[in-house]
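For reference, the structure is listed below as structure tokens.
The values are calculated or read from the model by the stated rules, or taken from the named source; none is laboratory data. Note that the structure is predicted; figures quoted are calculated from it, not measured. Glycine also receives a Cβ, built like all others from the backbone with ideal geometry; neighbour counts cover every protein chain displayed.
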Amino acid sequence: MSETHHEILDFSSLYGKQLQWIGLSFLLIIIIISIDSKFYERLSGVFYIISVLSLAGLFIFGASINGATSWYNFGGFSIQPSEFAKVGTALALANFINEPSSDLSNFKSQLKAFLIILLPAALIVLQPDPGSALIYFFLLVILYREGLPAYYLVIVFLAVVLFIMTLYTGFITSILIIYGILTLFFAYIINYKKFPFKREWYKIIILYTVVGLFIFSVDYVFNHVFDQRHRNRFSIVLGKTSDTKGIGYNTHQSMITIGSGGLTGKGFLEGDRTQGNFVPEQHTDYIFSTVGEEWGFLGSSAVIIIFVAFLLRLIQISERQKSTFSRVFGYSVAAIFFFHFMINIGMVIGLLPTIGIPLPFFSYGGSSLWGFTILLFIFIRLDADRTYVW
Amino acid sequence: MERKHIAYASILLIGILFIFRLFYLQVITTKYKPSPFHNSAVTIKYDYPERGFIYDRNNTLLVANQPSYDVMIIPRDVKPLDTLEFCSLLKISKDDFIKRYQKAKNYSPRIPSVFLAQLSKNSYAYLQEKMYKYKGFYIQKRSLREYPIKSAANVLGYIGEVNNEFIKKNRYYKQGELIGIQGVEKEYEKELRGIKGVKYIQRNRFNKEIGPYKGGIYDTLATLGKDLTLTLDSKLEQYGEALMAHKRGGIVAIEPATGEILALVSTPTYDPNLMVGRERSKNFTKLYNDEVNMPLVDRGLLSQYPPGSPFKIINALIGLQERVIFPETTFYCYGGFRYGRGKNAFMKCHCHYGTANNLNRGIYESCNTYFANVYKRIIEKYPTPSEGMDTWSKHVKSFGLGNFLGYDLPTGKKGLVPDADFYNRYYPNGGWRASTTISNAIGQGEILVTPIQLANMTAIVANRGFYYTPHIIKKINNEPIHIEAFTTKKHTTIKPEYFEPIVQGMFDVFEKGTAVYSRVKGLEICGKTGTAENFASVNGKRVQFTDHSVFIAFAPKDNPKIAIAVYIENGYWGSRWAGPIATLMIENYLNGGTSRPALEKRMLEGSLQDEYDKQLLTLQALAEKED
């Protein structure tokens, strides 16, 4: 953000606009805290439906920016419904798990929970904005805390590992390695652990088939469904190619900017790379690089520590809730914040491919600021009533 | 481990991981440190290579360069200076200086921006000696274009400053740099521009330049721009522009055997030198606001209109291919064609009552009745009008009509070729058939073409059934091009043997038909006259004005070397203006000059300005009447 202004409150500049959003959010906070907790629980279904409709409506009324139909344009300002839909989904999920009839070790309940999460996620993926949709998958982790059997998590973790390996080494090598490992494993337990091969052989075949299909589909989707630019982003992070002028430009510039901050940084508004606009999207997705340049290692670590403390505190508060609804909602809030924090900063420091999602409360943008504010303060209100069991 | 502890653990883990990574990036590694960008005691200077020259097919120089000097400013580095002296050297007022300084400061205090663009050569000479006095300012040399021949402005295009929107999308360009905005300059920007060189210069703490940064290891050399050789024949182009003086319209000439564009004339046109230098903005605005003449619109590429009679030959070819007619099929013309039962359902024709026309006569007399019959037969060959229409549409589209041709110039229009879908949408209750769409038979109705599409169509007939995508580029840096799109033969859906009777008919247009008075001794020219109806919409009502004059031709009949389409607004009959001009162009190209000087003089001096004024006045009067 540039420093030459005529007055300190220049509302036509980016930071001026953000100040307006922040100012209005105080009003929002007051409203949210004043409303009774039960209201949020009772109307969670309604909020969810509104969220889904607002996402679906984009395909009819929405405007397209940078290739994705993610925005509604009203005269001077725009709204991004995917930022607000998180609130509706978290409320609906909390409400569902709160019901005495829902039991996450039971398949039917698991299915319903998945659907609540996947419906808005699918609509967002269709925009297309797969980055923003990723959060919703992360909510599945909450389910683990609430009783989802552990093997789901293990499977997802293994799938991610397999995914990365397939991208890195390609279809054939992955198949060979995995089948090799599996065969050794089964050979071992059949010979030494008395695995009942004769009875269970068909399960082994199924396992090989499923794994094979998975590796194949990853490879297929990557090479035939993803655009070249998506492929390039992965290739860069995995270290397979190094193009600092084209697709890897953002990441490379961001790392240089952060690196140039050194131990103590260059000082507030004195970052010459930020002033020179070297990092694309530096006021939205890449805002953390400005922190790195201006405040150095000490400053950016401090920000990390503050975020971590914030997240830990959120979880701690969730645990002390008496009502399941409040607890699950709190976990969802923590998960959403954690995910944004992890992916955004991971991207900015070059550990993850470019995935365009904002850093909570730092990134420029009214919709994301308000979305996070609403999420946080609904939970604060719920926490205020934590001693009531209802 | 309890489930909730996993949550705490993961968060802490990620936090620690990030802090380690930050430590690595910011404290340990030097990989991201010693970049010239990081060091603000380094100045970046760009070295712009010469922009490529542009030649015509005979190596006549069309576009060259002349040097131009911009005064650049880095506001942060500006020290107090003698503004009076500076302003008088630059020939600007003190207020102007303050305005420009503020503008640069608002853009950025650190990044260089243009303070004053394109100094005159004299100012540059004086200023260059004194620049050391003015800290924070320096002179950037650039190339402007120079046009030794005042012709082909529509084809060559022009260059200008790149705008900020574009810079955001393409990081190569910096503020103040020049980029091709229209024509060949735009289409082949990358080739012409080369790659600018970058020099990093170290400065000491007094901001004085002391030498290359780090011994120049980050410096890059400029890559020269590439020269282009176009397929254009400049002499032919200039001749066309002279013939079209005081008339509005377009001429497109193509070499059928290769698809190379020999001439692309659009009038009214302008002197390309107007779009150079400081006067460019002013001149551009004047040209842009001229809504009557529209000199910036390339009519050869952008004018969409119904083709008229030349389109009849397409219908003839389709008729032969679909075997609904043969060369000897005869239709009788009674002054017109009745296509329906109403009193007005009659398409007039100029033939004498009771004329018998076979294919050959139908073409050279341009008999509407003949082709109305052919068209009706094509559509009605199939069980439903929709199938007939779609079949017809498919044939027409194989001639490159109804879509972009894919040539290498940045503007164009698709034209329109109707099909069953089109009519179904227009007549939602159905019920349309061949007689409803009968105007398509004679090239009126819903069909729209551009002159270049018409020229390409003519080239197809000259080749007896195929074409190469029209293109303007012949060589890059003297190497012939190897672009697949331009060297692949494209075939129509009509078999080659059906073209011969058509070629013969077009030859007879000159021997005995509608273009008899445009015949040239010693040259075997094949052509077709045409008239395109000229409608304008005034307050929702359709008003008809003088027809446009259209002519297509190719020569010689066997082994054709040139295919041409001429389109003249308000020119009335094809044989009145477009025909003679087309034949004069052909003579000029094939023989180097004309054998009919009197005709040539008449065309060069002829003017349709009266017609245009009449149309303008009529339009204005009608518009006022409605108010």
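The table that follows gives values for the structure above.
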read-out: Which numbered condition B:HIS246 misses (of (1) in contact (Cβ under 8 Å) with a residue 12 or more places away in the chain; (2) touching a strand residue (DSSP E or B) at 6+ places or on another chain (Cβ under 8 Å)); value: (2)
read-out: From the options B:ALA257, B:ALA263, B:ALA245, B:ALA253, residue that is under 18 Å from B:THR458 (Cα atoms), hydrophobic (A, V, I, L, M, F, W, C) and surrounded by fewer than 17 Cβ atoms within 10 Å (Cβ to Cβ); value: B:ALA257
read-out: Qualifying positions in the stretch A:18-60 - surrounded by fewer than 11 Cβ atoms within 10 Å (Cβ to Cβ) and either aromatic (Phe, Trp, Tyr) or not assigned by TED's automatic domain parsing to the domain that holds A:ALA85 (or both); value: A:PHE26
read-out: Members of the stretch B:274-288 found to be over 21 Å from B:LEU116 (Cα atoms) and of a type outside the set (A, V, I, L, M, F, W, C), listed by number; value: B:LYS286, B:TYR288
read-out: Test result for B:ILE251, farther than 27 Å from B:SER366 by Cβ and in a strand (DSSP E or B); value: no
read-out: Condition met for B:ARG76 (of a type in the set (Lys, Arg), more than 26 Å from B:TYR126 (Cα to Cα), within 14 Å of chain A (Cβ to nearest Cβ) and touching a residue at least 12 places away in the same chain (Cβ under 8 Å)); value: no
read-out: Number of the exception - B:THR369 against (1) surrounded by 21 or more Cβ atoms within 10 Å (Cβ to Cβ); (2) within 27 Å of B:LYS348 (Cβ to Cβ); (3) touching a residue at least 60 places away in the same chain (Cβ under 8 Å); value: (3)
read-out: Residue check, B:ALA623 in contact (Cβ under 8 Å) with a residue 60 or more places away in the chain and either crowded, with 21+ Cβ neighbours inside 10 Å or not in a helix (DSSP H, G or I) (or both); value: no
read-out: Among (1) buried (at least 18 other Cβ atoms within 10 Å of the Cβ); (2) of a type in the set (A, V, I, L, M, F, W, C); (3) within 14 Å of chain B (Cβ to nearest Cβ) - the single one A:ALA309 does not satisfy; value: (1)
read-out: Positions within the stretch B:98-136 being assigned to a helix (DSSP H, G or I) and β-branched (Val, Ile, Thr), in sequence order; value: B:ILE98
read-out: Filter pass, A:PRO353 being closer than 15 Å to A:LYS86 by Cβ and modelled with pLDDT under 90; value: no
read-out: Matching option when the condition is part of a helix (DSSP H, G or I) and out of contact with any Ser or Thr (no Cβ under 9 Å at 6 or more places or on another chain), among A:ILE142, A:ILE205, A:ILE177; value: A:ILE205
read-out: Residues of the stretch A:325-361 that turn out to be within 14 Å of another protein chain (Cβ to nearest Cβ) and on the phi < 0 side of the Ramachandran plot, as a count; value: 25
read-out: Residue tally, condition at the interface with another protein chain (Cβ under 9 Å from one of its Cβ atoms) and either at pLDDT below 75 or over 13 Å from B:VAL27 (Cα atoms) (or both), over the stretch A:266-300; value: 7
read-out: Complete set of residues in the stretch A:83-111 that are buried (at least 16 other Cβ atoms within 10 Å of the Cβ) and farther than 23 Å from A:LEU382 by Cα; value: A:LEU104, A:SER109, A:GLN110
read-out: Residue match in the stretch A:333-340 (condition: without any contact (Cβ under 8 Å) to a residue 24 or more places away in the chain, assigned to a helix (DSSP H, G or I) and under 28 Å from A:LEU55 (Cβ atoms)); value: yes
read-out: Scope the stretch B:197-221; condition in a loop (DSSP other than H, G, I, E, B) and either modelled with pLDDT of 90 or more or more than 14 Å from chain A (Cβ to nearest Cβ) (or both); matching residues; value: B:ASN204, B:ARG205, B:PHE206, B:ASN207, B:LYS208, B:ILE217, B:ASP219, B:LEU221
read-out: Among (1) assigned to a loop (DSSP other than H, G, I, E, B); (2) touching a residue at least 24 places away in the same chain (Cβ under 8 Å); (3) more than 17 Å from the chain's Cα centre (by Cα), the one test that B:PRO295 misses; value: (3)
read-out: Selection from the stretch B:323-343 of residues that are farther than 20 Å from B:THR436 by Cα and of a type in the set (Ser, Thr, Tyr); value: B:THR329, B:THR330, B:TYR332, B:TYR334
read-out: Some residue of the stretch B:148-166 being within 14 Å of chain A (Cβ to nearest Cβ) and without any contact (Cβ under 8 Å) to a residue 60 or more places away in the chain; value: yes
read-out: Hey, B:ILE139 within 14 Å of chain A (Cβ to nearest Cβ), over 24 Å from the mean Cα position of the chain (by Cα) and not in a helix (DSSP H, G or I) or not; value: no
